[in-house]
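Structure, as structure tokens:
The values are calculated or read from the model by the stated rules, or taken from the named source; none is laboratory data. Values in this document were obtained by computation on a predicted structure and should not be read as measured data. Cβ sites come from the backbone with ideal geometry, for glycine too, and all protein chains shown count toward neighbours.
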Amino acid sequence: MSLDIDVSLALGGFHLEAAFESAGPVTAVFGASGSGKTSLVNVIAGLIRPDRGLVRVDGKTLTDTANGVMLAPHRRRIGYVFQDARLFPHLTVSGNLAYGEWFVPARERYAARGQVIELLGIGHLLDRRPAGLSGGEKQRVAIGRALLASPRLLLMDEPLAALDAQRKAEIMPYLERLRDETRIPIVYVSHSVAEVMRLASDIAVLAHGRLAAFGPAAAIAQRLDLVPPEEDDETGAIIDMTVAGHDPQAGLTRLRSAAGDVFVTGAVGPGGAPARVRIRARDVMLAAEEPKKISALNILRGTVAAVSPAGPHAVTVTLDCGGQALLARITRHSAEALQLKPGSTAYGVVKAVSVSGPSASAR
């Protein structure tokens, strides 16, 4: 998958400038409200014509203002999933799914109805109408309708924003399956650090209409300056790992990476499968010596790479653990007591229940 974006757009007093190239399965567009996220995806979808721009998906040019190319939205083969599901209330779930198929000639369809239904776990909902669905169920049906249009690209604009925490937790595994089991490139728009870090392979960060940063999710996760204040508690590190084994009796999975082994709760994929974990900085304790006889199962040895201010009484410590970054948010008092400084050895301590995910890797 390749996505090439280079656009400029003026909307009243707002000016959007963004240029990046992504080859990952999920490109997240991240930023605060009003940063230009929706304007950018509407340019990709062809709903807004940029003043200047190029949009290309897998070598197919959708917009090229220099050469007069501006494909109509219905010719772009883009599936669009909005914040609200926008299902047809008079149709059953089956009817809504059929509507997605209706736009694509049979010879051009690659999305099999049965596989999409199984992928999203909506087989038991087919005879229901939208009024009888939960918010998470509606979004899964909306995603299924978009997939059955056999799109070359799937745009998801804040698809979980209208859901409560329980519904978000319900739908997230389906989004991961969508990423891992289909070959459809996804542009995922969100202002949630937790969502984009769990799903994305690459992240484009927008601020006030400008591209503030772009790169692999693991690298962007370390950019503390990019996290809005309201999301500061979600600051952390992403580590791509491999399933090393399961202990069914203890209910644990051992994951392995250059950073060291990490235990997580539950069974996560077969042995050898890639997995991604997200460890929030606030969930990491630090020790100057290797701890003994403690309840936390994960102890990662590293070298202090940086100590950065995090408010008047706290710091964020970045540990280099075998080439993988681990972030810890601790008090300034603790950092001074442990004499933490670049080059010193420290141990990151994390409870298994505090490790977010893991999910199938976005690599």
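Taking the criterion of being touching a helix residue (DSSP H, G or I) at 6+ places or on another chain (Cβ under 9 Å), in the same structural domain as L327 (by TED's automatic domain parsing) and closer than 25 Å to R179 by Cβ, would at least one residue in region 283-300 satisfy it? Within region 283-300 (the criterion being touching a helix residue (DSSP H, G or I) at 6+ places or on another chain (Cβ under 9 Å), in the same structural domain as L327 (by TED's automatic domain parsing) and closer than 25 Å to R179 by Cβ), the answer is yes, since at least one residue qualifies. From the list L297, L226, the one residue that fits, being more than 22 Å from the chain's Cα centre (by Cα) and either under 23 Å from S334 (Cβ atoms) or among the hydrophobic types (A, V, I, L, M, F, W, C) (or both), is L297.
Which of the numbered conditions does D84 fail, given that it passes all the others? Conditions: (1) without any contact (Cβ under 8 Å) to a residue 40 or more places away in the chain; (2) of a type in the set (D, E); (3) in a loop (DSSP other than H, G, I, E, B). Against the list (1) without any contact (Cβ under 8 Å) to a residue 40 or more places away in the chain; (2) of a type in the set (D, E); (3) in a loop (DSSP other than H, G, I, E, B), D84 comes up short only on (1).
Among the residues making up region 237-280, those that are closer than 22 Å to A194 by Cβ and basic (K, R) are R276, R278, R280. Of all residues in region 277-290, those satisfying the criterion of being closer than 16 Å to Q222 by Cβ and either loosely packed, with under 13 Cβ neighbours inside 10 Å or in contact with a Gly (Cβ under 6 Å, 6 or more places away or on another chain) (or both) are V277, R278, I279, R280, A281, V284. For region 264-286, the tally of residues that are part of a loop (DSSP other than H, G, I, E, B) and free of Cβ contacts under 8 Å to residues at least 60 places away in the same chain stands at 5.
Taken together, Y99, Y188, Y110, Y174 contain a single residue that is surrounded by fewer than 19 Cβ atoms within 10 Å (Cβ to Cβ) and within 20 Å of the chain's Cα centre (by Cα), which is Y174. Going through (1) crowded, with 16+ Cβ neighbours inside 10 Å; (2) in a loop (DSSP other than H, G, I, E, B) one by one, G136 falls short only on (2).
Only one of the numbered conditions (1) touching a strand residue (DSSP E or B) at 6+ places or on another chain (Cβ under 7 Å); (2) modelled with pLDDT under 95; (3) among the charged types (D, E, K, R) is not met by R52, and that is (2). Y99 fulfils the conditions (1) touching a helix residue (DSSP H, G or I) at 6+ places or on another chain (Cβ under 9 Å); (2) in a loop (DSSP other than H, G, I, E, B) except for a single criterion, (2).
Okay, residues lined up against (1) more than 22 Å from the chain's Cα centre (by Cα); (2) more than 24 Å from A200 (Cβ to Cβ):
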site: G272; (1), (2): yes, no
site: R282; (1), (2): no, no
site: A288; (1), (2): yes, yes
site: A314; (1), (2): yes, yes
site: H333; (1), (2): yes, yes
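Against the condition assigned by TED's automatic domain parsing to the domain that holds V7, at pLDDT below 95 and under 22 Å from E158 (Cα atoms), how does I78 come out, does it pass? Spelling it out, I78 is indeed assigned by TED's automatic domain parsing to the domain that holds V7, at pLDDT below 95 and under 22 Å from E158 (Cα atoms).
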